[in-house]
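The values are calculated or read from the model by the stated rules, or taken from the named source; none is laboratory data. Note that the structure is predicted; figures quoted are calculated from it, not measured. We place every Cβ from the backbone using ideal geometry, glycine too, and count neighbours over all the protein chains shown. These area figures cover heavy atoms from the full protein model, side chains too; ligands, DNA and RNA do not enter into them. Shrake-Rupley method; radii C 1.70, N 1.55, O 1.52, S 1.80 Å.
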Amino acid sequence: MKAAFLTGIREIETRDTPEPTLRGPKDVMVRIESVGVCGSDIHYYTEGRIGSQIVRFPEIIGHECSGILTAVGSSVRELRIGQRVAIDPLLACGECDQCLAGRQNTCRRQRFLGCPGQATGALAEYVVMPARCCYPVPESMSAAQAAMVEPFAVALHSVRLASLNPGAKIAVLGGGPIGLSVLLACRAALKDVIWRVYVTDLIDERVQAARQCGADWAGNPLHEDTKAAIEEREPLGLDVVFECAGKQETLDQGTELLKPGGALLIVGIPELDRISFDPHLLRRHELEVKNVRRQNDCVRPAIEMISSDAVNVDRLVTHRFPLAEANRAFDLVASYGDGVIKAIIETTVDT
Ligand SMILES: [Zn+2]
Ligand SMILES: [Zn+2]
């Protein structure tokens, strides 16, 4: 089969490699159709690492994926060949204290699809997964929508962790695919109540997309003082800030925008290995800081929300590439070029 290998910093090569085989009776084989390029993939592409997670080249990455089942193990009852599935890329052990406590997302022995050294990624024609990681999607759902389930589930998990109340005043700092998904998830969660959400991003197309996705206000800090603009509209401060940019500036801005008792959720992967906070502000305002790790139990609701049009993730998918042009997709996302939000690699399209 063909697979896109990360062979060096900013280098991807499509190579032939043996097809994987089912390892056990509970495994399934998936003919991959769509793979979204994630910000975490870009860290591996441009830096070869995320913190202590280091790529040993060559490596197949990619985890936001969907495909069609082409083989199912002998003890798989709930899935059948030919079904389109959204894949949960987390391979949790199911046995550790975290898994037993229902926190598979922090499983102590977890492996993750496309995570260096853990499990071969999805930028390939076929992957083998345990059946429990594969969720059938309705027939009406496209392969790209099914690939958006994973990032949307992360956003939904973030919104659930925030326990928003009616009337909440919210900011999303960073309007990339995850930030915009957080916005969509907030809107869906609070659809019948009064609330306000503000979005900021350094890219005009993303600010525009935020408005289209239902932000009450969106702005670009390169053109205006977005913090002052939000403070003018919300003089008492915000209840919740979702930091989706991974930058020290937005972490600082997030805590400064919160009202006393407010909560900052760190959803973005910080660029640096250390981040800092003003302890006096955190203490005086009794601010809560929560980290978001992947998602937990949000795949099924994400499928339900996307397939029922409760949220429209289609507008986040701005670019599509065949597998052989994966490097172009990665370069585009890494450079934030051409108004890209989510680039999808379609492994079934020939070049
Ligand atoms: Zn991702
Ligand atoms: Zn576990």
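Of note:
- Calculated mean residue ellipticity at 222 nm for the chain: -8000 deg cm²/dmol, from DSSP H runs with n ≥ 4 weighted as -39500 (n - 2.57), summed, divided by the residue count and rounded to 500.
- Where the Cα pairs of the chain fall when distances are cut into 10 Å bins, in %: 6, 25, 34, 24, 9, 2, 0
- Dipole of the chain, positive direction: furthest Cα of 4, 122, 347, with charges on the beta-carbon: 122
- The magnitude of the dipole of the range 1-101, with charges of +1 and -1 set on the Cβ of Lys/Arg and Asp/Glu and taken from the Cα centre, is near 280 debye.
- If you plug the beta carbon distance of residue 308 and residue 68 into 1/(1 + (r/R0)^6) with R0 = 22 Å, you get a FRET efficiency near 0.50.
- For the range 95-160 versus the range 1-71, the gap between their alpha-carbon centres in whole angstrom: 13 Å
- Each principal axis of the range 298-343 carries a Cα extent, and these read 32, 21, 16 Å when sorted largest first.
- Most mobile of 321, 152, 277 in a GNM of the chain (Cα contacts under 10 Å): 277
- In the chain, Cα pairs under 8 Å separated by at least six residues give a relative contact order of 18 percent.
- Compactness ratio for the range 44-199: Cα radius of gyration over 2.2 N^0.38 Å (N = residue count) comes to 1.18.
- Dipole moment magnitude, nearest 20 debye, the range 107-222 about Cα centre, only Lys, Arg, Asp, Glu C-beta charged: 520 debye
- Gain on full stretching of the segment that runs from residue 52 to residue 97 - 0.36 nm per residue minus C-alpha separation: 13.9 nm
- Shown here for the range 1-96: GluC sites (Glu not before Pro) in loop regions (DSSP other than H, G, I, E, B) with at most 16 other Cβ atoms within 10 Å, namely 78, 95.
- Of all DSSP beta bridges in the range 88-228, antiparallel share, percent nearest 5: 25 percent
- For the range 128-190, the relative contact order works out to 37 percent when only alpha carbon pairs closer than 8 Å and six or more residues apart are counted.
- Antiparallel bridges, percent of DSSP beta bridges restricted to the chain (to nearest 5): 55 percent
- Accessible-area composition of the chain, carbon plus sulfur, in percent [1.4 Å probe]: 47 percent
- Under a model in which nothing but the beta-carbon of Lys, Arg (+1) and Asp, Glu (-1) is charged, the chain shows a dipole of about 1020 debye around its Cα centre.
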